[in-house]
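Structure first, commentary second.
The values are calculated or read from the model by the stated rules, or taken from the named source; none is laboratory data. Because the structure is a prediction, the values reported are computed rather than measured. So basically every Cβ, Gly included, is an ideal-geometry build from the backbone, and we count neighbours across all protein chains shown. These area figures cover heavy atoms from the full protein model, side chains too; ligands, DNA and RNA do not enter into them. Shrake-Rupley method; radii C 1.70, N 1.55, O 1.52, S 1.80 Å.
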Amino acid sequence: MTSLLLSALVLSGLPAADTSAAYRFDLARYFFVSPAAELAERTHLQQRETALRTSGARPGSPAALLRVLRLADSVRMESKRHTIYLYLQTQLNTLDDASAQAQSALEAGLDAATSVIHNALLRLDDATLAAWTRTLPALAEYRFAIESVRRARSHILPSEQEGLLAKLAPLAQDGPLALYHRLIARTDFGTLRTPTGELGVLRDRAAIAALPDSALRAEGIRRLWAGYGQQRDLYAVALSGTLRAKNELARLRGYQDAPDEAYQAAWLSTPELLGLLERVRPAARLYREFQRAARDLAQEPRPTTPLTPLRYSVGQAAELIQAALAPLGNAEYARELASLLDPASGRVDLSGGANRAGGGGAAGYPGLASTIYLETFGGTYGDVSRLAHEAGHAVENQLVSLHRVPGVYARGAPYLSEAYALFSELVLANSLYEKETNPRRRRGYLGQFLNLAMELFHGAQDADLEQSIYRAFASSGGRLGADDLDSLTSRVDTAYSIAGETRPEVRARWITARLLYEDPLYLFNYMYSGLLSLKLFERYQHDPAGFGARYVALLSAGYRAAPTAAVRQAFGIDLEDPHLLDEATAFLSARLQEFRTSKVP
């Protein structure tokens, strides 16, 4: 998201006490008592994967197929207990190569076992499957899962080849990611002296972006980009390694390239995505207009009596999030949200420290407690909003678990889940805006709402950048250097952002877009989630309680249908309707006009 508004928004109040250290994971309670215990239990998991491969090769009856599908769900749950635990270890310490490699190896083992079942499903003809389902109606629970496998039949290789690719994938992809994390860890970004004390240029970048002193903000930004620039050639090496690995693995499965594989997995296609980008790109003038309005706000004369930037404790943040989402009117959602955000739960980690992964994330799976990880919590509004976003993910994960959704339906098109999480942020910002009586703060909260509502364009900017990088990599024969990436990024970003007009160093944004390295080809989801979240918010405003019942039911069901079908059934929203973009821009234009014309004393 643009940081312009964060630097422009000054809220009156007193700094809150820092309570983030109280929020630490209690992994021993929910996963394994120790890394040694996790390692000891891997043998059992591997034995179950072997049994799954054996029984799943040729299920000869409806009952046998049902047993295999249920066994696969059980093995997935056990595997996720290990891989999520290992993932959380790497979030707490990005230099923990042992956990990262173990996570990749376990995921490869599960993929290999699953590929045996997929091949068995492909060998069954439609008539046999239909007859088996009539004979054993319980198989109907897995109908969509089976259809999804058969939909991708041209890209599923024989089990032996799938097993080999599953082993090769982590070997090809883990190296570039490890290099990326080590480059960040070895860089001394320095500190910035502020009236409230020393702030780490990298660690406390959000707090620096929210400083009321424009000179300090500018210096912090300068030092941050200078730090990334120290190793720019090696960041390019890491990114090129990721691109090469993803493309080659996708082509081995018969896809045109890695983007083609990622889009199809989300029930999209390359022409569909590029078509939406072509329509969103010119509409992004609204995003640039908003950035200019936020910049003008930041340059307004300060009041005679300076205001202290408001800082929120985690406890205050939790209260704000729960109060904002209370109008959903669902007791189960409210209960799970409160339980999650209780520091005694041991399911949230905001404790800070060296070598923590950037950003944040939520994790969960049927049979497991959901968790939230944030790199840090500095008490800014941005930190509160980010916590609301990840809480949206985590509560969804918990609802899926509580409603005993089969593991095969625990995950689906990521842009749906991202839309749910962004919706939580929109509701929070709008709630604070509507309740606020102070004109300056009210305008500030409206700006924060717009900052989030513009995710449609920010997501398109990232999707455009990633798609352009993959195209340039292919056309260059795999030779993309740091200068090439700087030039490409600057060219793409001009359509979406005004930052380059005054800060040419942001041409190196390809370095800071960490998902390019950590979760390649995920960024496009934010364009779609930005569009869908606005429609969800519109429905919510018309009837909060009625919306809440349908919303929680949708989250609790998991991903048992194609994304378009699920959203159409729950809310009557047609994701394929070309008018969705027009409706979104009309809504944003009205809110932007309100932001521009708001007056403060």
Accessible heavy-atom area order of His118, His155, His82, highest first, probe of 1.4 Å
His118, His155, His82
Just how much of Ser115 is accessible, in Å², when a 1.4 Å probe is used and the result is rounded to the nearest 10?
10
Fraction in percent of alpha-carbon pairs per bin - 10 Å, the stretch 446-505:
20, 44, 27, 8, 1
Inverting the mean 1/r over all pairs of different Cα atoms, compute the Kirkwood radius of the stretch 134-277 and quote it in Å.
19.5
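Can you tell me the FRET efficiency between Leu157 and Thr187 if r is taken as the Cβ-Cβ distance and R0 is 41 Å, rounded to the nearest 0.05? Can you show the working numbers first?
Working: r = 41 Å, r/R0 = 0.99.
Step by step, r from the Cβ atoms, then E = 0.50.
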Between Ala326 and Ala28, 0.36 nm times their residue separation minus their Cα-Cα distance comes to what?
104.1 nm
Once the whole set of protein chains is in place, how much accessible area is left on Trp267, using a 1.4 Å probe, in Å² to the nearest 10?
90
Binned Cα-Cα distance frequencies in the stretch 272-426 - 5 Å width, integer %
1, 8, 13, 17, 16, 14, 12, 11, 5, 2, 1, 0, 0
Rg and Dmax of the chain, Cα atoms, in Å?
24.1, 81
Probe 1.4 Å, protein heavy atoms only - accessible area per residue of the chain in square angstrom
41
Using the scaling law 2.2 N^0.38 Å as the reference, what is the normalised Cα Rg of the stretch 547-600?
1.59
Scaled radius of gyration (Cα, divided by 2.2 N^0.38 Å) that the stretch 375-510 gives
1.34
Per the 1/(1 + (r/R0)^6) rule, R0 = 56 Å and r from the Cβ atoms of Ser269 and Thr19, FRET efficiency to 0.05 is 0.75
The stretch 406-470: percent of C-alpha pairs farther apart than 15 Å?
64
In straight Cα distance, which lysines are under 28 Å from Lys599, not counting same-chain residues fewer than 8 positions off?
Lys435
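Please compute one quarter of the surface area of the Cα convex hull for the stretch 72-203 and express it in square nanometres.
One quarter of the hull surface, i.e. the mean projection, equals 11.8 nm².
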Note the full-extension length gain between Ser476 and Ser61 as 0.36 nm times their separation in residues minus their Cα-Cα distance, in nm to one decimal.
144.2 nm
What do you get for Rg/Rh of the stretch 384-434 when both radii come from the Cα atoms and Rh is the Kirkwood radius?
1.06
Cα-centre dipole for the stretch 234-330 with unit charges at Cβ (Lys and Arg positive, Asp and Glu negative), debye to 20:
260
Could you give P(r) for the stretch 474-601, binned at 10 Å from zero, as whole percent values over all Cα-Cα pairs?
9, 26, 28, 24, 11, 1
Expressed in nm², what is the orientationally averaged projection area of the convex hull enclosing the Cα positions of the stretch 231-297?
7.2
Of the listed peptides 447-460, 186-199, what is their order by residue-averaged count of other C-beta atoms within 10 Å, with the highest listed first?
447-460, 186-199
Evaluate E = 1/(1 + (r/R0)^6) for Leu122 and Gln230, where r is the Cβ-Cβ distance and R0 equals 41 Å; express this FRET efficiency to the nearest 0.05.
0.25
Quick one: with all protein chains in place, what share of the accessible area of the chain is carbon or sulfur, to the nearest percent (1.4 Å probe)?
54
